[in-house]
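The values are calculated or read from the model by the stated rules, or taken from the named source; none is laboratory data. Computed from a prediction, not measured in an experiment: that's the story for all the values here. Backbone-built Cβ (ideal geometry, glycine too); neighbour counts: all protein chains shown.
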Amino acid sequence: MSNVVFQLYLSYAQLCVFSSTLSKPFNDWSDRNFSQGFSWRPGSACFRSLDDEGYHCINVFVNEAVSPLSERCIRAFQVPFETMDGKIEIASISDSTPIEILPGKYILQVEFQDVLNEEIPVINVRLNQGEAEFTILRADHEIDANSELDLEAKPAE
């Protein structure tokens, strides 16, 4: 069961999780960031969504057991994430929802679900305390999971 559920309007095909204290929280995307499906720098992780824009149901799970990926999951990523003060946001360019978690290091896992019966698209965001590796857990035909990852995103201007 998720800890928090909310609707978020995604724009520019991205969902971002970032520290609320960043003055420039969004990332520029290199060609490799686009093909790997995410851009990352300390305090900011942005993920390429399945849809360019529209409302999405965001399920946030904090420090809950992670089940194996469901068959509904089309695209999933795992990256390290750290917050010094516990104040983060789950956002897109046009919309944002603040969330408070305990300060510390987290395994951030984002799962984009297949849309069934024309329902609103669902994205699971999992934050579990611990150390994470950069991993593409599930890739669809638009994601290149085999090339070297670009882990040096720059802030968007």
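Of the residues making up the stretch 36-65, those that are more than 15 Å from the chain's Cα centre (by Cα) and not charged (D, E, K, R) are G54, Y55, N63, A65. The listed residues are V110, V62, and the only one of them that is within 21 Å of D150 (Cα to Cα) and either at pLDDT 95 or above or not aliphatic (A, V, I, L, M) (or both) turns out to be V110.
Please work out if E118 is among the acidic types (D, E), modelled with pLDDT under 95 and more than 19 Å from L151 (Cα to Cα). Here the answer is yes, as E118 does meet what is asked.
From the list S39, S35, S44, S30, pick out the single residue that is in contact with a Pro (Cβ under 9 Å, 6 or more places away or on another chain) and of a type in the set (S, T, Y).
Within the list S39, S35, S44, S30, the selection yields S44.
If you check A156 against the conditions, is it touching a Phe, Trp or Tyr at 6+ places or on another chain (Cβ under 6 Å) and either in contact (Cβ under 8 Å) with a residue 60 or more places away in the chain or not acidic (D, E) (or both)? So A156 passes the test. Count of the stretch 83-95 residues, restricted to those that are within 27 Å of I143 (Cα to Cα), part of a strand (DSSP E or B) and among the polar types (S, T, N, Q), is 1.
Counting just the residues of the stretch 27-51 that are touching a residue at least 12 places away in the same chain (Cβ under 8 Å) and of a type in the set (D, E), which one comes out farthest from P155 (Cα to Cα)? Taking the candidates together, the pick is D51.
Can you confirm whether the stretch 67-76 contains a residue that is of a type outside the set (G, A, S), touching a Leu at 6+ places or on another chain (Cβ under 9 Å), assigned to a helix (DSSP H, G or I) and closer than 30 Å to E118 by Cβ? No, every residue in the stretch 67-76 fails to be of a type outside the set (G, A, S), touching a Leu at 6+ places or on another chain (Cβ under 9 Å), assigned to a helix (DSSP H, G or I) and closer than 30 Å to E118 by Cβ. Within the stretch 104-140, the residues that satisfy the criterion of being surrounded by 13 or more Cβ atoms within 10 Å (Cβ to Cβ) and part of a loop (DSSP other than H, G, I, E, B) are D114, V115, P121, A132, F134, A139, D140. F34 satisfies every condition listed in (1) touching a Phe, Trp or Tyr at 6+ places or on another chain (Cβ under 8 Å); (2) at negative phi except (1). The residues listed here are P98, P80; of these, the one that is part of a strand (DSSP E or B), exposed (fewer than 15 other Cβ atoms within 10 Å of the Cβ) and not small (G, A, S) is P98.
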